[in-house]
1. Quick one: in region 31-46, which of the residues that are at pLDDT below 95 and of a type in the set (Ser, Thr, Tyr) is nearest to Ser83 (Cα to Cα)?
2. Being of a type in the set (Ser, Thr, Tyr) and not in a strand (DSSP E or B) is the filter; apply it to region 109-126 and report the residue that is modelled with the lowest pLDDT.
3. Suppose we keep only residues that are among the small types (Gly, Ala, Ser) and modelled with pLDDT under 95 within region 1-20. Which one would you say is surrounded by the fewest Cβ atoms within 10 Å (Cβ to Cβ)?
4. Given the criterion out of contact with any Cys (no Cβ under 6 Å at 6 or more places or on another chain), farther than 21 Å from Thr112 by Cα and of a type in the set (A, V, I, L, M, F, W, C), identify the matching residue among Leu68, Leu96.
5. Looking only at residues in region 58-96 that are closer than 18 Å to Pro123 by Cα, among the aliphatic types (A, V, I, L, M) and part of a loop (DSSP other than H, G, I, E, B), which one is modelled with the highest pLDDT?
6. For region 101-113, which residues satisfy the criterion of being over 11 Å from the mean Cα position of the chain (by Cα) and aliphatic (A, V, I, L, M)?
7. Determine whether Thr75 is among the hydroxyl-bearing types (Ser, Thr, Tyr), more than 16 Å from Asn10 (Cα to Cα) and within 12 Å of the chain's Cα centre (by Cα).
8. Let me spell it out: the conditions are (1) small (Gly, Ala, Ser); (2) in a loop (DSSP other than H, G, I, E, B); (3) surrounded by 18 or more Cβ atoms within 10 Å (Cβ to Cβ); (4) free of Cβ contacts under 8 Å to residues at least 24 places away in the same chain, and Ala34 meets all of them except one. Which number is the exception?
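The values are calculated or read from the model by the stated rules, or taken from the named source; none is laboratory data. Here the structure is a predicted model, which means the values were calculated and not measured. Glycine also receives a Cβ, built like all others from the backbone with ideal geometry; neighbour counts cover every protein chain displayed.
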Amino acid sequence: MQGASPGTGNGVAAAGVTITAGETLYTNASGQLALSQGTSATLAKCTGIALNGASPGQPVNYIKSGNLTLNAALTVGITYCVSAANAGKIAPISDLSSGSYTFILGVATTTTNLSLIMAGPNPLTAQ
């Protein structure tokens, strides 16, 4: 993960778990940040994406709007969401299965840029 564009919506809060830059986060019942996951409505509600790593109790800067540059091979035009399979990870929306909770993070505008939308969570049902 490289960084956020100027003028984007950001926040900072204490880590409740060990966090790595680029991981998706939710705010737990104690008001601390933990890794989000599309397995329940509570865990899937993404507060933001970590801009730095932190140990429990340390501050975590996160982005919640704007553009995020990632050191990842994104596919242009694909919608990315909170992963249901791996806590804290980003996944293409096509990776989700019925029973997952969809929290849309954004759309890839280049192979390294994610334009953030931050919408959800919604239960995914079979079509």
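1. Thr39
2. Per the stated criteria, the residue is Thr125.
3. Among those residues, the one meeting the criterion is Gly7.
4. Answer to the selection: Leu96.
5. Ala87
6. Across region 101-113, the qualifying residues are Val107, Ala108.
7. Considered against the rule, which asks whether it is among the hydroxyl-bearing types (Ser, Thr, Tyr), more than 16 Å from Asn10 (Cα to Cα) and within 12 Å of the chain's Cα centre (by Cα), Thr75 comes out as no.
8. With (1) small (Gly, Ala, Ser); (2) in a loop (DSSP other than H, G, I, E, B); (3) surrounded by 18 or more Cβ atoms within 10 Å (Cβ to Cβ); (4) free of Cβ contacts under 8 Å to residues at least 24 places away in the same chain applied to Ala34, the lone miss is (2).
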